[in-house]
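Below: one structure, written as structure tokens.
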Amino acid sequence: IYRNPNNSTISLPHDVLEDWSLEEFIEEKYKCNIDNLDEFLSAIGNEPFISRAFRLWLYRRLQFDESTYDFVENILATENIEFFWKDETIAAILQHESPNIFLLSMKDNLLKNDCTLLIRFCFILRITCQKPNSHFANSLTLDKNSGILRTLFLVPYGKGWGALFNFIYEFRDEL
């Protein structure tokens with residue numbers, strides 16, 4: 001929220017309102033299709049902005065509603081679900097405050113088929129659970145032609161790293 005003290009106005013960035021409305025849309029479709037995963041995913045669509053909103057919606061549901069845990073396990077265990085839904089689900093789990101709960105509850109699924117799902121968790125962790133390293137902020141330079149940063153130094157972020165490393169270490173004999 002931006003507050004302008006000069007004229008006492010408040011403005012919300014447009015994406016906050018967009019995120020909120022998309023999350024409400026997804027919640028409504030979830031309640032209408034709570035027992036049918038395929039219908040739910042079909043009802044919300046598969047556009048990129050929906051994928052992002054789905055991840056945010058799921059992240060918030062995981063914080064406040066333990067019944068969502070079964071929904072998560074259903075998405076990850078269902079074979080005919082498109083991978084981007086699984087990837088967004090994995091990202092929401094790894095960004096959660098207690099990813100270890102999910103990892104332990106999904107142990108059998110994570111370790112089956114030569115650890116295919118566990119390997120996917122590791123891949124998604126490397127993409128979604130990092131942030132820029134503030135120690136190198138002064139050394140960031142833009143490419144003159146494209147205007148894009150030449151180098152961005154990233155560091156691990158969130159509890160997903162520790163939870164996944166601990167899970168792998170704890171069950172290393174089963175890998």
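The values are calculated or read from the model by the stated rules, or taken from the named source; none is laboratory data. Just so we're clear, the structure is a prediction, and the values are computed from it rather than from any experiment. Glycine also receives a Cβ, built like all others from the backbone with ideal geometry; neighbour counts cover every protein chain displayed. Ligands, DNA and RNA are excluded from the accessible area calculation, which covers all protein heavy atoms including side chains. Shrake-Rupley method; radii C 1.70, N 1.55, O 1.52, S 1.80 Å.
Quick notes on this structure:
- Taking the helices alone, the chain has a mean residue ellipticity at 222 nm of -19500 deg cm²/dmol, built from -39,500 (n - 2.57) per DSSP H run of at least 4 residues and averaged over all its residues.
- Mean shadow area of the chain over all directions, Cα convex hull, nm²: 14.3 nm²
- Dipole orientation for the chain: of the candidates ASN113, PHE123, PHE64, PHE123 has the Cα lying most toward the positive pole (charges on Cβ; Lys, Arg +1; Asp, Glu -1).
- Cross-link reach list, lysines versus LYS112, counting only Cα pairs under 25 Å and skipping chain neighbours closer than eight places: LYS86, LYS159
- Ranked from largest to smallest solvent-accessible area, with a 1.4 Å probe on the protein heavy atoms, CYS32, CYS122, CYS129 come out as CYS32, CYS122, CYS129.
- Taking amide hydrogens as placed 1.01 Å from N in the peptide plane, the amide H of TYR157 sits under 5 Å from those of GLN130, LYS131, each at least 5 positions away in sequence or on another chain.
- Accessible carbon and sulfur surface of segment 50-131 relative to its total accessible area, %, 1.4 Å: 49 percent
- Applying 1/(1 + (r/R0)^6) with R0 = 25 Å to the Cβ-Cβ distance of ASN74 and ASN46 gives a FRET efficiency near 0.90.
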